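Beneath this line is the structure, given in structure tokens, with notes to follow.
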Amino acid sequence: MEKRVLGKTGEYLSIVGFGGIIVAQVDQRDANNYVAEAIDAGVNYFDVAPTYFDAEDHLGPALIGKRNDIFLACKTENRTKKGSEELLHKSLKKLKTDHFDLYQLHAVTTLEDVEQIFSPDGAMETYLKAKKDGLINHIGFSAHSEEAAIALMERYDFDSMLFPINWVNIFNANFAPKALQVAKSKGMGILALKAMAKTDWAEGAIRKYPKAWYEPISDESLAKLAYRYTLSQGVTAALPPGYIEYFRLAIEASKDFKPVTPDEENQLKLLAKGIKPIFPQH
């Protein structure tokens, strides 16, 4: 599998990431098999969070004996020094490791979030101390708004940004290009979410994939094309939706990876017409 460097870190990550939510709400035997399958496919980038149901409980045991061969990222949504520190140590214990390669501020959405993170006794104090103490190697963030992402990047020289980079959002709401531009100008590693997302679940719809808060693309060839589109936007890696079926589609899409052609991009633009983006333009 192709690997790309994560910004200025010198770390090389597989272009397909393994989202820990894949092993949430599954048997431990399945979790072990999925992790082994990912590593056999050349995946070395694993990402998890305490909010992903019981994912940490399953991923930790599945990584025993494999930890040194992978790049392990985790995150916390807690914005305070005390709360984020407690969650950091809890995650380290559950994942049976003495450090995270990347620790991220999770789902930063508002400017109030940003202020709290950087305030006295805010989460940033935990991150800086943890890095100094060797508990984390790199500091990043995930964000669900361009405004919040840009505000974060103005406050600190982060190693990475985890952000929704999705065909419908870009074509129908121009959502992502501004944040991408700032991150690239700073030489940051860019990690992508929601590559295979289509739109919001319709009201009353039977949610075939309940771990996803949005409706993933159901057509396999379109899902693979959308994933390739995301990988063509100057990102280091992309995380598919939290189901093994979508992870396998991402592996297929990334084999002998070639960037999308102008014709393929036009095809996606046409297919996006009339689809409501999951992140509307602000």
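The values are calculated or read from the model by the stated rules, or taken from the named source; none is laboratory data. This is a predicted model, so every value here is computed, not measured. All Cβ positions, even for glycine, are placed from backbone atoms using ideal geometry, and neighbour counts span all protein chains on display. Surface areas here come from the heavy atoms of the whole protein model, side chains and all, with no ligands, DNA or RNA. Shrake-Rupley method; radii C 1.70, N 1.55, O 1.52, S 1.80 Å.
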Report summary line: For the stretch 42-61, the count of residues that are open to solvent by 50 Å² or more (accessible area, probe 1.4 Å) and either part of a loop (DSSP other than H, G, I, E, B) or modelled with pLDDT under 95 (or both) equals 2
Query - Output for the stretch 252-276, where each listed residue is within 23 Å of the chain's Cα centre (by Cα) and either open to solvent by less than 20 Å² (accessible area, probe 1.4 Å) or of a type in the set (K, R) (or both) - result: A253, S254, K255, K258, L268, A272, K276
Report summary line: Residues of the stretch 62-92 being open to solvent by 80 Å² or more (accessible area, probe 1.4 Å) and within 17 Å of the chain's Cα centre (by Cα), in sequence order, are E77
Report summary line: For the stretch 149-172, the count of residues that are among the acidic types (D, E) and in a helix (DSSP H, G or I) equals 1
Query raised in the report: Going by the conditions given, is F279 in contact with a strand residue (DSSP E or B) (Cβ under 9 Å, 6 or more places away or on another chain) and at pLDDT below 95?
Result: yes
Query raised in the report: Tell me, which residue of the stretch 140-189 that is closer than 28 Å to L271 by Cβ, surrounded by 23 or more Cβ atoms within 10 Å (Cβ to Cβ) and aromatic (F, W, Y) is nearest to the chain's Cα centre (by Cα)?
Result: F163
Report task. Could you please find all residues in the stretch 3-41 being of a type in the set (A, V, I, L, M, F, W, C), in contact with a strand residue (DSSP E or B) (Cβ under 8 Å, 6 or more places away or on another chain), open to solvent by less than 30 Å² (accessible area, probe 1.4 Å) and within 28 Å of P259 (Cβ to Cβ)? Result -> L6, L13, I15, V16, F18, A38
**Report entry** Selection status of F247, of a type in the set (A, V, I, L, M, F, W, C) and surrounded by fewer than 20 Cβ atoms within 10 Å (Cβ to Cβ)
**Finding:** no
Query raised in the report: Out of all the residues in the stretch 85-93, is one or more assigned to a helix (DSSP H, G or I), of a type in the set (S, T, N, Q) and without any contact (Cβ under 8 Å) to a residue 12 or more places away in the chain?
Result: no
Query raised in the report: Taking the stretch 251-272 as the region of interest, how many residues are touching a residue at least 24 places away in the same chain (Cβ under 8 Å) and closer than 23 Å to A173 by Cβ?
Result: 9
Requested in this report: Residues being over 17 Å from K178 (Cβ atoms) and assigned to a helix (DSSP H, G or I): count how many of those fall in the stretch 132-148.
Outcome: 1
Query raised in the report: Would you call P280 part of a loop (DSSP other than H, G, I, E, B), under 21 Å from the mean Cα position of the chain (by Cα) and closer than 21 Å to G42 by Cβ?
Result: no
Report summary line: Counted residues in the stretch 117-139 being of a type in the set (V, I, T) and open to solvent by 20 Å² or more (accessible area, probe 1.4 Å) come to 0
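This table checks each residue for (1) open to solvent by 40 Å² or more (accessible area, probe 1.4 Å); (2) in a strand (DSSP E or B); (3) over 30 Å from S185 (Cβ atoms).
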position	(1), (2), (3)
G204	yes, no, yes
Y209	no, no, yes
A212	no, no, yes
S221	yes, no, yes
L225	no, no, no
T230	no, no, no
G234	yes, no, no
Query - Where a residue in the stretch 184-200 is farther than 14 Å from D47 by Cβ and in a loop (DSSP other than H, G, I, E, B) and its partner, wherever it lies, is open to solvent by 20 Å² or more (accessible area, probe 1.4 Å) and of a type in the set (G, A, S), with Cβ under 8 Å and at least six apart - result: G187/G7; M188/G7
